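Some notes on the structure that comes next.
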Amino acid sequence: MPDQQITLLIADDHPVVRDGLRGIFTADPGFVVLGEAANGAEAVTLVEALDPDVVLMDLRMPTMDGVSAIRQLAERKSRTRVLVLTTYDTDSDVLPAIEAGATGYLLKDAAREDLFRAVRAAARGEAVLAPAVATKLMGQMRTPAPESLSQREIEVLTLIARGGTNREVARQLFISEATVKTHLIHLYAKLGVSDRAAAVATAFDRGLLTPGQR
């Protein structure tokens with residue numbers, strides 16, 4: 001939309017940041033700032049009321065965080081594009097925001113012209129990512145997802161977690177000790193571990209086993 005003003009909503013819990021962003025965008029005739037929100041809940045309400053083209057969304061805010069707000073907007077099928085603008089670029093911040101439906105992800109150290117380009121791209125529905133964020137996502141794509149354990153492997157590991165020996169596991173599952181050892185070898189490889197204790201710890205950490213299964 002080169003000949004049309006892009007309407008914006010700024011969502012950030014820091015008044016100084018909101019003031020700075022408003023000043024940057026109102027100084028350019030190509031943008032109109034319709035409003036500001038101090039948290040995710042306000043952002044969702046104002047997006048529905050003002051219908052901006054793009055919302056600049058911080059992630060860590062009180063009352064409702066940015067990812068929750070992005071998810072709500074996606075569920076409500078809002079036409080507004082969300083461009084995350086934050087200081088955080090960790091996997092735990094980037095991936096949930098993208099998965100929730102953010103069109104782009106930019107860091108607050110971006111240059112003014114980069115920010116303008118990102119907003120224009122987001123308004124067109126084009127994905128835009130800060131270089132550091134793009135690198136992280138590419139790394140995630142290149143890393144194969146961990147293999148899931150079979151039901152039998154989980155049964156074996158559950159009994160191991162309870163302190164069972166290979167012989168005891170074999171007796172309870174009506175299989176041979178050799179089969180138990182084979183299952184252990186396979187699940188060690190899937191979990192990336194080399195012994196029983198590490199297998200149990202990793203399984204609990206990944207949520208494959210729960211304390212009630214012990």
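Checked against (1) surrounded by 19 or more Cβ atoms within 10 Å (Cβ to Cβ); (2) closer than 20 Å to Ile98 by Cα, Ala74 passes all but condition (1). As a summary of the residue check, Pro62 satisfies the conditions (1) in a strand (DSSP E or B); (2) out of contact with any Lys or Arg (no Cβ under 8 Å at 6 or more places or on another chain) except for the one numbered (1). Among the residues of the range 54-73, just one is touching a strand residue (DSSP E or B) at 6+ places or on another chain (Cβ under 8 Å) and more than 15 Å from Leu85 (Cβ to Cβ), namely Leu73. Taking the listed residues Ala110, Ala97, the one that is in the same structural domain as Thr135 (by TED's automatic domain parsing) and either more than 24 Å from Thr135 (Cβ to Cβ) or in a helix (DSSP H, G or I) (or both) is Ala97, with no other qualifying. Restricting the range 4-25 to residues that are under 26 Å from the mean Cα position of the chain (by Cα) and part of a helix (DSSP H, G or I) leaves a set whose member that is farthest from Ala111 (Cα to Cα) is Pro15.
Which of (1) within 17 Å of Gly20 (Cβ to Cβ); (2) surrounded by fewer than 20 Cβ atoms within 10 Å (Cβ to Cβ); (3) not aromatic (Phe, Trp, Tyr) does Thr86 not meet, given it meets every other one? Among (1) within 17 Å of Gly20 (Cβ to Cβ); (2) surrounded by fewer than 20 Cβ atoms within 10 Å (Cβ to Cβ); (3) not aromatic (Phe, Trp, Tyr), Thr86 violates only (2). Taking the range 133-197 as the region of interest, the helices (runs of 4 or more DSSP H) fully inside it that hold 2 or more residues being β-branched (Val, Ile, Thr) and modelled with pLDDT of 90 or more are 151-161, 177-191. A count restricted to the range 1-20 and to residues that are touching a residue at least 60 places away in the same chain (Cβ under 8 Å), over 14 Å from Thr80 (Cα atoms) and touching an Asp or Glu at 6+ places or on another chain (Cβ under 7 Å) stands at 1.
Residues are listed down the side, and each one gets a yes or a no for (1) over 19 Å from the mean Cα position of the chain (by Cα); (2) under 22 Å from Val16 (Cβ atoms):
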residue	(1), (2)
Val47	yes, no
Asp51	yes, no
Val54	yes, yes
Leu59	no, yes
Thr63	no, yes
Ala69	no, yes
Glu75	no, no
Thr80	yes, no
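For beta carbons closer than 8 Å, sequence separation of 6+ or different chains, a first residue in the range 116-137 that is over 12 Å from Leu56 (Cα atoms) and not assigned by TED's automatic domain parsing to the domain that holds Tyr105 and a second that is of a type in the set (Lys, Arg) and at pLDDT below 95, there are no qualifying pairs. Hey, any hits in the range 117-128 for a residue that's at pLDDT 85 or above, at positive phi and not β-branched (Val, Ile, Thr)? Checking the range 117-128: at least one residue is at pLDDT 85 or above, at positive phi and not β-branched (Val, Ile, Thr). Scanning the range 65-92 for residues that are touching a helix residue (DSSP H, G or I) at 6+ places or on another chain (Cβ under 8 Å), in a helix (DSSP H, G or I) and among the charged types (D, E, K, R) turns up Arg71, Asp91. Let me confirm something: among Leu34, Leu46, Leu56, which residue is in contact with a Leu (Cβ under 9 Å, 6 or more places away or on another chain), in a strand (DSSP E or B), surrounded by fewer than 24 Cβ atoms within 10 Å (Cβ to Cβ) and on the phi < 0 side of the Ramachandran plot? Result: Leu34 is the single residue among Leu34, Leu46, Leu56 that is in contact with a Leu (Cβ under 9 Å, 6 or more places away or on another chain), in a strand (DSSP E or B), surrounded by fewer than 24 Cβ atoms within 10 Å (Cβ to Cβ) and on the phi < 0 side of the Ramachandran plot. A residue that is crowded, with 18+ Cβ neighbours inside 10 Å, within 31 Å of the chain's Cα centre (by Cα) and of a type in the set (Asp, Glu) occurs nowhere in the range 202-214.
The values are calculated or read from the model by the stated rules, or taken from the named source; none is laboratory data. If you're wondering where the values come from, they're calculated on a predicted model, not measured in any experiment. When we count neighbours, we look across all protein chains shown, and the Cβ atoms used for this are built from the backbone with ideal geometry, even at glycine.
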